[in-house]
Amino acid sequence: MYDAEPILELRQVDRTFGTQDVLRGINLDVYPGETLVVIGESGCGKSVTTKLLAGMIAPSAGDVYWQGRDVQQLSANEKRRQRLRIGYLFQSAALFDSLNVYENVAFGLKQNTRMKAAEIEEIVLERIKDVGLPLNVAEKKPAELSGGMRKRVGLARALAMDPEIIIYDEPTTGLDPVMSDVINELILSVQRRRPVTSIVVTHDMHTVRKVADRIVMLYPLPRLQPGEDQIIFEGTADEAFEADDPRVYSFVHGDASQRLQELHAA
Amino acid sequence: MSTAYEHRWNPFEWLGEKIVAPIAVIGDFTLFSLMAIRWTLFGIPRGSVLWPNLYQIGVLSLPVVLVTGGFIGMVLAVQSFDQLRVMHLESRLGSVVNMTLVKELGPVLAATMLAGRVGSAIAAELGTMRVTEQIDALEALGADPIQYLVVPRFLGCVLLIPLLTILADTTGMLCGWIFSVTVLDINSYYYWFHTFEYVTLLDLYSGIVKSLGFGAAIALVACHRGFHARAGAEGVGNAATQTFVFSFVLILFLDFLAGVILSQVYLWMDPV
């Protein structure tokens with residue numbers, strides 16, 4: 001898997017919001033067919049990293065490559081077409097409030113293809129079934145759905161365009177343990193059903209154990225040692241759980257003692 | 001523990017930021033407006049996207065605009081009547097009421113009401129879409145957020161605010177006339193005779209042309225603030241408040257600018 005050319009790359013990427021530096025010198029490769037899990041505490045720049053990979057925001061410095069092509073060099077139209085190869089499940093599901101479930105899932109197809117209404121309907125209903133939702137939700141508005149259902153509609157919408165890469169931004173946050181596992185199983189079933197590359201941002205260790213081929217851990221920039229790389233760990237789930245670095249070890253084991261010491265020292 | 005990225009307060013940096021930030025916002029607003037105008041010219045959205053916005057901006061604003069127009073007409077009649085009576089010029093009340101209405105107060109107050117009703121609603125809606133990542137989702141699904149969200153609202157405001165202004169003017173003229181004739185006992189014939197003597201079509205058109213600018217200002221400010229809303233209920237609330245304040249200031253500035261230009265036009269047409 002890792003012999004192939006990377007499908008997405010970040011090279012020496014910095015990202016700043018106003019005067020706040022969030023990412024500094026990030027180098028990250030995503031290989032076709034793998035499930036890469038990005039972990040790290042809240043505010044360390046995980047979602048920013050995925051938005052950079054998806055081309056939704058531009059880096060303040062450095063380069064983003066999609067299959068070896070520099071994203072900054074692509075024309076707006078080319079960028080829009082390329083971006084459709086990436087499906088994105090947002091943290092809050094980000095369903096369009098004013099549209100019902102059917103219209104939400106059909107949105108990308110209506111916007112970007114010349115498919116007939118019957119063809120669109122076939123795909124939309126299939127995707128709704130794929131994510132384990134009954135077809136009667138199609139007419140409902142997002143506000144009428146539970147958190148888990150909204151996440152699943154978000155996934156159906158991300159899958160509608162048959163993307164090659166799917167980015168899951170905190171897919172299980174805010175869900176009960178059973179629904180979290182339903183989402184984990186969906187991630188695996190999507191992976192089994194089609195040859196996709198998955199990037200999962202999470203701090204749910206159950207998700208990490210279940211879906212990860214490879215893990216990278218980001219650390220908040222203000223707390224790094226001088227000259228240290230912001231990606232403080234890269235390896236498999238087993239390696240993460242046995243890591244020597246106390247910051248990685250305590251994060252994956254949910255142990256606060258290291259952090260409490262840091263807070264006291266500050 | 002000292003780290004490589006610790007930030008120390010620096011007065012020069014602070015001052016620079018205070019100067020650069022507003023300039024950056026103005027530059028960003030200008031680019032945003034140019035992109036909105038470009039998409040309006042080259043990528044008119046589908047009817048299914050446009051109609052709900054026209055309904056929201058136009059039809060749902062009718063009551064507030066009609067009520068505003070009506071009261072402005074009557075207030076102008078009451079206020080002007082006392083002053084004209086001192087000079088025994090009550091019969092000229094129609095010209096004062098209608099001139100003020102079509103040139104100034106009709107367009108400005110209708111636009112102010114719409115900045116409050118339409119502008120704040122647009123900013124709150126788009127701000128909520130921003131903080132719930134719906135605008136990012138649009139982009140991820142291959143839609144341009146400016147074409148999909150801004151253009152319909154911009155078109156709605158630019159096309160419908162002049163129509164709403166005409167309705168506010170008309171209601172104001174009718175209410176002012178009814179109040180003057182029935183309560184203030186002004187002769188209806190002289191009321192309209194003096195109106196047509198002084199109020200020209202150019203006055204009416206100048207008010208309508210101004211309202212086109214007001215409509216564009218409200219839509220662009222509201223969409224820009226909504227797109228840049230910060231997270232949380234406070235961020236969305238601020239976007240709505242800023243929209244009203246900024247668009248009101250912009251309306252007054254545009255009104256002043258139009259006043260200066262129109263005075264030159266009048267002078268050129270009638271150089272006495």
> What residues qualify as long-range amide H neighbours of A:Ile7, i.e. H under 5 Å apart, gap of 5 or more or another chain, H built at 1.01 Å from N?
Replying inline: A:Val30, A:Tyr31
> Local charge sum around B:Glu139 (other residues, Cβ-Cβ under 15 Å, Lys/Arg +1, Asp/Glu -1)?
Replying inline: +3
> Are there chymotrypsin sites (Phe, Trp or Tyr not before Pro) in segment A:210-266 that DSSP puts in a loop and that have at most 10 other Cβ atoms within 10 Å, and which ones?
Replying inline: none
> A:Thr16's amide H: which non-local residues (gap 5+, or another chain) put their own amide H closer than 5 Å, with H modeled 1.01 Å from N in plane and none for Pro or chain starts?
Replying inline: A:Val22, A:Ser60
> In the protein assembly as shown, with Lys and Arg counted as +1 and Asp and Glu as -1 at Cβ, which of these residues, B:Tyr148, A:Val153, B:Ala21, has the Cα nearest the positive end of the dipole, that is, farthest along it?
Replying inline: B:Tyr148
> Under the classification rounded if a/c is under 1.5, otherwise prolate if a/b is larger than b/c and oblate if not, where does chain B fall, given a ≥ b ≥ c as square roots of the Cα gyration tensor eigenvalues?
Replying inline: prolate
>> Could you tell me the relative contact order of segment B:47-269? Use alpha-carbon pairs under 8 Å, at least six residues apart, and round to a whole percent.
In response: 35
>> Cut-off 10 angstrom, C-alpha nodes, Gaussian network model of chain B. Which of B:Val64, B:Val236, B:Val158 fluctuates the most?
In response: B:Val64
> Can you give the three extents of the C-alpha atoms in chain A along their principal axes, from longest to shortest, in whole Å?
Replying inline: 61, 44, 38
>> What's the magnitude of the charge dipole for segment B:164-272 around its Cα centre, counting Lys and Arg as +1 and Asp and Glu as -1 at the beta-carbon? Answer in Debye, nearest 20.
In response: 500
> Out of segment B:35-96, which trypsin sites (Lys or Arg not before Pro) are coil in DSSP terms and have no more than 12 other C-beta atoms within 10 Å?
Replying inline: B:Arg46
> Once amide H atoms are placed 1.01 Å from N in the peptide plane, what residues at a sequence separation of 5 or more from B:Ala229, or on another chain, have their amide H within under 5 Å of its amide H?
Replying inline: none
>> At a threshold of 8 angstrom on Cα-Cα distance, excluding pairs fewer than six apart, so keeping six or more, what relative contact order does chain A reach in percent?
In response: 23
> Between the helical axis of B:188-198 and the dominant principal axis of chain B, each derived from Cα atoms, what acute angle in degrees is found, rounded to the nearest 10?
Replying inline: 60
> With +1 on each Lys and Arg Cβ and -1 on each Asp and Glu Cβ, how big is the dipole of the protein assembly as shown about its Cα centre, in debye rounded to the nearest 20?
Replying inline: 1300
>> Placing unit charges on C-beta atoms (Lys and Arg positive, Asp and Glu negative, everything else neutral), compute the dipole magnitude of segment B:47-269 about its Cα centre in debye, rounded to 20.
In response: 60
> Residue by residue through segment B:128-145, which ³J(HN,Hα) values in whole Hz follow from phi under the Karplus form 6.51 cos²θ - 1.76 cosθ + 1.60 (θ = phi - 60°), with glycine and proline marked x?
Replying inline: 5, 5, 5, 6, 9, 6, 5, 6, 4, 5, 4, 5, 5, 9, x, 9, 7, x
>> Using a 10 Å cut-off around each Cβ of peptide A:192-202, what is the average number of partner chain Cβ atoms that fall inside?
In response: 0
>> With unit charges on the beta carbons (Lys and Arg positive, Asp and Glu negative) and the dipole taken about the Cα centre of the protein assembly as shown, which residue among A:Leu89, B:Met129, A:Val131 sits farthest to the positive side?
In response: B:Met129
>> If you take each beta carbon of peptide A:158-164 and count the beta carbons of other chains within 10 angstrom, what is the mean?
In response: 1
>> At a 10 angstrom cut-off on C-beta neighbours, averaged per residue, how do the peptides A:43-53, B:259-269 rank from highest to lowest?
In response: A:43-53, B:259-269
>> For the protein assembly as shown, give me the percentage of DSSP beta bridges that are antiparallel, rounded to the nearest 5 percent.
In response: 50
> When the Karplus curve 6.51 cos²θ - 1.76 cosθ + 1.60 is applied with θ = phi - 60°, which whole-Hz ³J(HN,Hα) does each residue of segment B:243-255 get, with x for Gly and Pro?
Replying inline: 4, 5, 5, 5, 6, 5, 4, 5, 4, 5, 5, 5, 5
>> Could you compute the net charge surrounding A:Lys151? Neighbours are other residues with a C-beta less than 11 Å from the C-beta of A:Lys151; K and R count +1, D and E count -1.
In response: +1
>> Given the options B:Leu54, B:Phe179, B:Leu257, identify the residue whose Cα lies farthest towards the positive end of the charge dipole of chain B (+1 on Cβ of Lys, Arg; -1 on Cβ of Asp, Glu).
In response: B:Leu54
> Any idea how far apart B:Ala24 and A:Leu260 come out in nm if each label point goes 7 Å out from Cα toward Cβ?
Replying inline: 3.9
>> Please give me, ordered by residue number, the GluC sites (Glu not before Pro) of segment A:50-134 that lie in loop per DSSP and have at most 10 other Cβ atoms within 10 Å.
In response: none
>> I'd like the antiparallel share, as a percent to the nearest 5, of DSSP beta bridges with both residues in chain A.
In response: 50
> Residue by residue through segment A:3-20, which ³J(HN,Hα) values in whole Hz follow from phi under the Karplus form 6.51 cos²θ - 1.76 cosθ + 1.60 (θ = phi - 60°), with glycine and proline marked x?
Replying inline: 7, 5, 5, x, 7, 9, 9, 10, 10, 6, 8, 10, 9, 10, 10, x, 9, 9
> Counting only other chains, what is the mean number of Cβ atoms within 10 angstrom of the Cβ of each residue in peptide A:105-117?
Replying inline: 2
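Every read-out reported here was derived from the displayed coordinates using simple, explicitly stated rules and does not represent laboratory data. What you are looking at is a predicted structure, and each value in this text was computed from that prediction instead of being measured. FYI the Cβ positions are ideal-geometry reconstructions off the backbone, even for glycines, and counts take in every protein chain you see.
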